[in-house]
Amino acid sequence: MQGIFIVFEGGDGVGKSTQAALLAEWLDARGREVVRTFEPGDGPVNAQIRHILLSRSTENLSPRAEALLFAADKAQHVASLVLPALDRGAVVVSDRYVDSTLAYQGAGRVLDMGEVERMNRWATDELRPDLTVLLDLDPTMGLAGIAEADRMESAGDDFHARVRAGFLEQAERDPARYLVLPARDSRAAIADAVRARVAELLDPDADAEGPDVSRRGLLGALFAPESRPDEASADPPREMSDADGRLAP
């Protein structure tokens, strides 16, 4: 059985972890092995990288150093957890992946997008999700529900506006591999839309639309022009990973 890689993306406070948990429960009920994970920080080495990245004590971390640390987290995450799970046929459901680095460090920190892409292509061995679910949200609404902001969450309104635009631009350039949903919709409505799309991936006979591109060697496909999806706003639940980078129960 072939493994499937599904990623939830979006700004802070949009409810990615909540929807990842709902999808994992649904997949488990269908008899699939599910590996639920997140970035940055899932794993002993990754948790140490997460602390450096998100701690308010590292406010002077340079944008390039930040991008390199996120890439290091991805390299370890893919090698130690994601690829082994996919190789044994599991469905991997991740809260954040490469799109977050392109949005936060590329668009948000205004680094060269091509350089950030090439670095992450190498770090992840060119592994790309089968589906990316983007929960779209006015960042001021998502951040308003966060009581104690970490270093990234407190980067400012202009930064988070660029991040949102960066996510939407990626979805515009590769629409066949994205499901863009307004995060203000109810949890049930979002979960139903995600399940309907994932059901197509679970059916080996389903016809796939869009370019025929394998999971590997795919990050460059983000930069093929397509039409822009509709934007929407949202007011969702808080992220569910704790300060040490582990998923909350």
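The values are calculated or read from the model by the stated rules, or taken from the named source; none is laboratory data. Please read all numbers here as calculations on a predicted model, not as lab measurements. Neighbour counts are summed over all protein chains in view; Cβ atoms, including those assigned to glycine, are modelled from backbone coordinates with ideal geometry. Accessible surface areas use protein heavy atoms only, side chains included; no ligands, DNA or RNA. Shrake-Rupley method; radii C 1.70, N 1.55, O 1.52, S 1.80 Å.
At 1.4 Å probe size, with the rest of the protein present, what percent of the exposed accessible area of region 62-188 is carbon and sulfur atoms?
Working: 2410 of 4820 Å².
Ligands and nucleic acids excluded, carbon and sulfur give 50 percent.
For region 22-132, the fraction of C-alpha pairs more than 16 angstrom apart is 60%. Within the shell defined by Cβ-Cβ distances under 15 Å, the residues around residue 188 carry a net charge of 0, with Lys and Arg each +1 and Asp and Glu each -1.
Could you work out the percent of alpha carbon pairs in region 1-85 separated by over 17 Å, rounded to a whole number?
Working: 2045 of 3570 pairs.
Of all Cα-Cα distances in region 1-85, 57 percent exceed 17 Å.
Proximity of backbone amide H atoms, modeled 1.01 Å from N, is registered between residue 134 and 9, 179, 180, 181 at under 5 Å, excluding neighbours fewer than 5 places apart on the same chain.
Cβ under 9 Å from residue 170's Cβ, residue 170 left aside: what net charge do those residues give with Lys, Arg +1 and Asp, Glu -1? If you can, show how the numbers build up before the last one.
On the way: positive: 173; negative: 9, 99, 169, 172, 174.
After counting each charged neighbour, the total is -4.
Placing pseudo-labels 7 Å out from each Cα toward the beta carbon at residue 189 and residue 201 gives an inter-label distance of 2.3 nm.
Let a ≥ b ≥ c be the square roots of the eigenvalues of the Cα gyration tensor of region 137-202; is it rounded (a/c under 1.5), or, if not, prolate (a/b larger than b/c) or oblate? Note, shape of region 137-202 comes out oblate. 3J(HN,Hα) couplings calculated from phi for region 63-80 with the Karplus curve 6.51 cos²θ - 1.76 cosθ + 1.60 (θ = phi - 60°) are, in sequence order, x, 5, 4, 4, 4, 5, 5, 4, 5, 4, 4, 5, 4, 5, 4, 5, 5, 8 Hz; Gly and Pro show x. Among the GluC sites (Glu not before Pro) within region 1-75, those in coil by DSSP and having at most 11 neighbouring Cβ atoms inside 10 Å are 59.
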